1. So how many Å³ per residue does the convex hull of the Cα atoms of region 219-258 work out to?
2. Return the ratio Rg/(2.2 N^0.38 Å) for region 1-90, where Rg is computed over Cα atoms only.
3. Quote the charge dipole size of the chain about the Cα centre in Debye, to the nearest 20; the model charges only the Cβ of Lys and Arg (+1) and of Asp and Glu (-1).
4. State the Kirkwood hydrodynamic radius of region 100-257 in Å, one decimal place, computed from all pairs of distinct Cα atoms.
5. For region 1-156, just the Cα set please: Rg and Dmax, both in angstrom.
6. Per residue Cα convex hull volume for region 81-133, in cubic angstrom?
7. Quick check: convex hull of the Cα atoms in region 51-142, volume per residue, rounded to a whole Å³?
8. Send over a whole-number figure in Å² for the accessible area per residue of region 69-185, probe 1.4 Å.
Amino acid sequence: MASSGDTLTSSEYISHHLTNLTFGYHEGTDSWRFVDTSNGIMPADFGFWAIHVDTMLWSIGLGLFFIWLFKKVASTATSGVPGSVQNFVESIVEFVDDNVNSIFHYKNALIAPLALTIFIWIFLMNLMDLVPVDWVPFIAQEMGVGYMKMVPTTDPNATLGMAFSVFFLIVYYSIKQKGVGGFLAELSFMPLGKWFLPFNLFLEVVGLLAKPISLALRLFGNMYAGEMIFILIAMLPFWAQWLLSVPWALFHILVITLQAFIFMVLTIVYLAMAHDDH
């Protein structure tokens with residue numbers, strides 16, 4: 001916040017912007033509390049039984065916005081000359097459908113809607129990174145809310161949640177297509193045959209678990225780094241902020257789109273591999 005720079009040190013300013021609005025069971029006070037660093041109640045004090053309220057708020061809100069927008073466009077679509085919004089939505093749907101058809105060569109009605117949801121939802125969450133870093137926290141503080149991170153993809157809980165949802169689909173379709181025996185055989189007997197079963201199992205299990213972890217950490221790492229740069233720019237003098245933030249924001253538009261695209265494409269690839277029967 002512009003005014004926060006006068007009252008907070010650099011480290012405090014950065015820490016404030018990187019702290020989630022956390023709610024959970026605080027053992028020190030034996031009660032359910034929100035994070036409040038002024039009273040020594042830190043996010044780490046909540047342990048496992050905690051929820052990042054801001055991450056849930058923004059991710060669910062943007063998901064509902066996505067559903068509302070696409071439903072509205074679908075219900076008002078015309079066969080004549082489309083409006084700008086309809087044309088934009090149709091372009092995105094065609095773009096996603098082309099990618100699905102070029103990668104996924106099996107019959108599965110879930111894949112295209114899933115790919116579209118992943119791409120648009122992650123793009124919208126990433127897009128929040130372009131809102132000036134002080135605006136929303138300032139408004140939240142004026143409303144009595146001490147912390148507010150508005151980019152869900154800078155929270156590893158959100159990216160890991162999405163990635164492990166994809167992981168469960170990978171396992172589900174692997175078992176559905178090949179059976180339990182076929183799935184276990186694929187893990188145990190490839191790539192070196194049955195005589196190297198322990199080594200095969202180690203390689204395949206590590207490779208399987210690496211898929212969701214790499215999906216999550218790639219998205220989180222890129223978005224977290226982008227947010228950190230915006231925060232560092234916000235600490236500079238006002239003239240320097242505009243000099244640096246505008247070029248970085250323009251470049252970051254490419255980053256946020258690319259990250260949504262990569263997550264979508266890898267999801268399609270992984271699910272196509274799950275349908276492959278060796």
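The values are calculated or read from the model by the stated rules, or taken from the named source; none is laboratory data. This is a predicted model, so every value here is computed, not measured. Positions of Cβ are generated from backbone atoms using ideal geometry, with glycine treated the same way; all protein chains shown enter the neighbour counts. Ligands, DNA and RNA are stripped out before the accessible areas are found, and what is left, the full protein with its side chains, is counted by its heavy atoms. Shrake-Rupley method; radii C 1.70, N 1.55, O 1.52, S 1.80 Å.
1. Dividing the Cα hull volume of region 219-258 by its residues yields 41 Å³.
2. Scaled against compact globular proteins, the figure is 1.73.
3. Around 780 debye, computed over the chain.
4. Roughly 18.8 Å, rounded to one decimal.
5. According to the Cα coordinates of region 1-156, Rg and Dmax are 20.5, 64 Å.
6. In region 81-133, the Cα hull volume divided by residue count equals 88 Å³.
7. Cα convex hull per residue, to the nearest whole number: 148 Å³.
8. For region 69-185, the solvent-accessible area averages 53 Å² per residue.
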